[in-house]
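The values are calculated or read from the model by the stated rules, or taken from the named source; none is laboratory data. The model shown is predicted, which means the values in this text are computed figures rather than measured ones. Glycine also receives a Cβ, built like all others from the backbone with ideal geometry; neighbour counts cover every protein chain displayed. To get the accessible areas, we keep the full protein, side chains included, count just its heavy atoms, and leave off ligands, DNA and RNA. Shrake-Rupley method; radii C 1.70, N 1.55, O 1.52, S 1.80 Å.
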Amino acid sequence: MMDAINKRVSYDIGCMKSLRKLPDKVALRFMDMMTRYMSDPSANGLNLETVEGAKDSSIKSLRVDQGYRAIAFEVGRDIMFVHVNEHDKAYRWAGNRRVKLDPDTNRIRVVKELDVTVVEAEPQGADEPRPFSAVADKRLKALGVPDEEIPAVRALTSIEGLETAEEGFDPLTYQILYALAAGYSDEEVYALTGVPEETEAAPETPPADLTFDQMIETEESRQTIFIPEDEKELRRVFEEGLEGWRVFLHPDQRKLAYRDYNGPAMVRGGAGTGKTVVAMHRAKHLADQIEQDLTRAGQRVLLTTFTTSLAQDIEANLRTLCPEHLAARPPRIEVINLDRWVSQFLKRKSFAREVAFFGEARDRLDQIWREVFDDHDLPEGLSEPFIRAEWAQIVQAKGLMDQRAYLKVSRAGRGTPLDRRKRVSLWDIFADYRARVVSEGLAEPDDAYREAIEILSSEAPNLPYAAVIVDEAQDMGEQAFRLIRAIVPEGPTGDRNSLFIVGDAHQRIYGRRASMAGCGINVRGRSKRLRLNYRTTQEIRSWAVSVLEGVSVDDLDEGSDTLKGYVSLLHGVSPELVGCTSEVEELKGVSTWVRSLPSENVRLSDIGILCARRADVERVSAALRADGIETVVLQAGADDRSVPGVRITTMHRAKGLEFFAVAIPFLAESAFPPPGALKSAVDAADREDIVTQYRSLLHVAATRAKKALRVSWSGTPTRLISDHAPDLG
């Protein structure tokens, strides 16, 4: 922001990180000062002071209060805040830091000229190789490590030493080193960090000619430097607890969100890799384009997902990220789950049947099934649950409308084989059920999707959508994606920026599957994968991945996926696995655990307790309230973290959320997966599918935790984790 005396104030991501480690009162004081500073840097008490002995004359300090100082670089008209800490620690931090304009990476970097003797590293045997001994200086420089930091790299004796010395390195250097330690190739490091390869064409304006005030405007610098437009935006960042990832996309994320595609694109990645964040920024990017082009007035971006709660959470986050697009009239971004969109669309088209999403209409469908089964003899060896599953997973999922199509369709994944005679008998049952549903004026959700597709195909209605973005794609079925393709069909001029799909089949918790190609969505050559987990520690991530051991997963198209190379940059304590003698003891243990978390660093609203069943949510909430702990039971609606209380909800509802600490109780063999879910299995293959869904559900729940995870059970642990639980005997 430029103020009355022609100063622009900015914030390096390191400043945001340092604030998170300080007491709330210090962070609030700093926020208040920064608001005043943007209005008038010359105001009383806001003067920058020279840091004595600093190697860079542009480095300054600002008094936050009696015990804390903020560190900034003042270069021409720019003031960039980079660090906040206790007085002595802040001055030591600033002593050998300097601003470097790096033409090779086209960004501003804050580097530390370290004496190699002060680089902290864990002791290691003299005969053991240092972690980067095989990486030549020339290669490190080519990847983006500055000359000043190479001696510190050479002093490292272990990966643990790298982690200990993280704050001593420029953030980009740390990312490069960690990626190398994780086994990434040079090409993968370039893609991860956004550093241009030497073979890439030079930009039209040589970076070496750029001054500080020009380089701070580059896309690369803006990935780690925040320049608020006004005081309102600055307060929104600080007051609403905006996480770093909402402002600063990692380079590999940014490249996916802020670019043009010649057709549908897909982004896959494990939990915590920022897929939803990329989807949100993609929506912002496309909405920015609409806003800037007067000929596109009235167009909008549709961001959709499977569940209502996740759509509400995303909309709440977008109101922080880009409120202007949601507040516009008409809004340039529309966030809605797909079932609700279909319901509203068909209502506008005077669709005569009621879509049975839930409630009385869904109960009436169950009654129709009972009536159909009363009037038909079941094929030998087949049960009513099997027939209903066949209808849902094959007939409805694939949109089969006649017997001939059913006789030909592949039933891959369905365990019990069916010969032609049984298929003919089953079709008689299916046809009768469908006729009765229609006569009752009802429709299943898949029927509604097909009806909407037919309307879109025949009427070519003038929808306002320039693009559709899909989050949590793994939870949607074939008819859903056929509808999404129909909402924004390929036009005569091409398919530019039409569909953007993000998901991870490792997190499939509803059992639906769809092939993009099979639904008319061609993502070949435009499918990318994120591999860095920014949310959870490596210890939590590793345990969560172990739950999925042996599970075969698709890539949301026609191939297979893997979590190979899926790593976390953060380290912390291992998950706490606790076996109890009774559920009473288990509930008491959860309460004790909540109280043991450091209250000065962890708010109650940053603690989540996730259960498989709604009844267990109520039990946990009652137990904590009885122990004097405030609770908030999450159901529908976005989670307002300003409301105090431990968040208690189901594992399903927790999708899309994250917490500092997570507890997952009631993981006994007799309780997880819930017995009722297993009893509903129609055959061995179906049972294994159900078990796989609950493995994915537990994986999702565990990866909601950022720093601490507690898993507990009474008696014998579920076999889903028994291989990873301690021996309590």
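Below, the figures for the structure above:
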quantity	calculated
Total charge dipole magnitude, the chain, about the Cα centre, Cβ charges on Lys, Arg, Asp, Glu only, Debye to nearest 20	1020
Helical mean residue ellipticity (222 nm; -39500 (n - 2.57) per DSSP H run of 4+; nearest 500) of the chain	-11500 deg cm²/dmol
Calculated over the stretch 383-439: convex hull of Cα atoms, volume per residue (Å³)	81
Pairwise Cα inverse-distance average, inverted: Kirkwood Rh of the chain (Å)	28.3
For the stretch 1-91, share of DSSP beta bridges that run antiparallel, in % to the nearest 5	80
Calculated log₁₀ intensity ratio I(q)/I(0) where the Debye formula runs over C-alpha points of the stretch 376-521, q = 0.11, 0.16, 0.19 Å⁻¹	-0.51, -0.97, -1.22
3J(HN,Hα) from dihedral phi, the stretch 650-664, Karplus parametrisation 6.51/-1.76/1.60, rounded to Hz, x for glycine, proline	7, 4, 5, 5, 6, 4, x, 9, 8, 9, 4, 9, 10, 10, 10
Charge tally in the Cβ shell below 9 Å around Ile71, where Lys, Arg are +1 and Asp, Glu are -1, Ile71 excluded	+3
Around Val135: net Lys/Arg minus Asp/Glu count, Cβ-Cβ under 12 Å	+3
Entries in Lys141/Lys655; Lys398/Lys706; Lys7/Lys55; Lys7/Lys141; Lys138/Lys707 that, when Cα-Cα distance is taken, lie over 32 Å	Lys141/Lys655; Lys398/Lys706; Lys7/Lys141; Lys138/Lys707
Positive-end residue, the chain charge dipole about Cα centroid, Cβ charges, pick of Pro492, Ala165, Ile71	Pro492
Å² of accessible area per residue within the chain, as computed with a 1.4 Å probe and no ligands counted	44
Residues whose placed amide H lies under 5 Å from that of Val682, excluding near-sequence neighbours	Arg687
Dipole-positive endmost among Ala623, Ser568, Ala90 within the chain (Cβ charges, Cα centre)	Ala623
In Hz, Karplus ³J(HN,Hα) per residue of the stretch 182-189 (6.51, -1.76, 1.60; θ = phi - 60°; x = Gly, Pro)	7, x, 5, 6, 4, 4, 5, 5
Reachable aspartates and glutamates from Lys679, criterion Cα separation under 15 angstrom, eight or more residues apart if same chain	Glu384, Glu669, Glu688, Asp689
For Asp78, distant residues with modelled amide H under 5 Å away	Arg8
Positive-end extreme of charge dipole, the chain - chosen from Ala54, Leu698, Ile314 (charges on Cβ)	Ile314
Backbone HN-Hα couplings from phi across the stretch 398-415 [Karplus 6.51/-1.76/1.60, Hz, Gly and Pro as x]	9, x, 7, 10, 8, 5, 4, 5, 5, 5, 9, 5, 6, 10, 4, x, 8, x
Amide hydrogen neighbours beyond the local backbone of Val267, cut-off 5 Å, H modeled	Ile501, Val502, Gly503, Lys528
